[in-house]
Amino acid sequence: MTYSKTGKTAAFLWGAFLWGLLSSSFALAQSDDPGLIRSLGTDSPQIETTYYLEASVNNDTSPHHALYLYGEGLFALGKDWAVEADVPNLVTVEPLGQYALGLMPVGVLLRYEACHFGGWNDETAGVFSVAAGGAYGFPNTTYHFIGSSWSLEALGGYRAGRAFLQADYGFQGGIDPQVQSQWQLNTDLGYRLTNEWYLQVEADCQASASFDNVSWSYIPQIAFQPGDWLFEFGEALGVAPMGYTEIMVARAL
């Protein structure tokens, strides 16, 4: 595997991200948390400083399928504002060692929580927020689809008792010609089994700007949340040829 300047940049960014994740001090989640947890592809809309680390592996065992490692941090700037920093995906292709390491775009979004009612101890709770920002794509001669873009998002969640519904709908506009402008429509339905265990099912839709090309995936998942840590596992269905496996670890401050 070749480690270019891009690979060294990736190592530095991931090192800084992991240091922030592991060196953070212990603190309880916000008292007005609406009792929602993030799913694998649908962001939770509340403002809460949180780090995410996620890996995605294609279940197709034939050569030349992609592997992804992704990190994200949401940093609260007060009660209603936050900055989302997307550490770029690391991408490579099986078999390992024969292909270059790619660095996906690094993104920054500003989020505003427009509405929030209820908390963990209330029978109903909900939150709505909006976000806007962009992503810079590092030039890469191996993975020609990498490029820069801008995005707008609307995020919402509502909980009634143990059941909750979340949605993350947005539009990505391509800045570089190789980046397709597209809609992203992700919806998650969850249920709290106990204080620590959750079941969720997520429906993700990606569509071209004109909706003439639409694809769907469905991700049943199980989550374990002891205190401020979250561990989540899911299997994506409806993705040719064999779907993919996702694992996420999150830490709320």
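Every number here is computed from the coordinates shown, using simple stated rules; none is lab data. Since we're looking at a predicted model, the values are computed, not measured. All Cβ positions, glycine included, derive from the backbone under ideal geometry; neighbour counts span all protein chains shown.
Taking label points 7 Å from Cα along the Cα-to-Cβ direction, S215 and H144 give a separation of 1.7 nm. Spacing of the modelled spin labels on D80 and Y169, each 7 Å from Cα toward Cβ, amounts to 2.3 nm. Between I222 and A160, the distance separating the two model label sites (each 7 Å from Cα on the Cα→Cβ line) works out to 2.8 nm.
Once the gyration tensor of the Cα atoms in the stretch 165-253 is diagonalised, the equivalent ellipsoid follows with semi-axes of 29, 15, 12 Å, ordered largest first.
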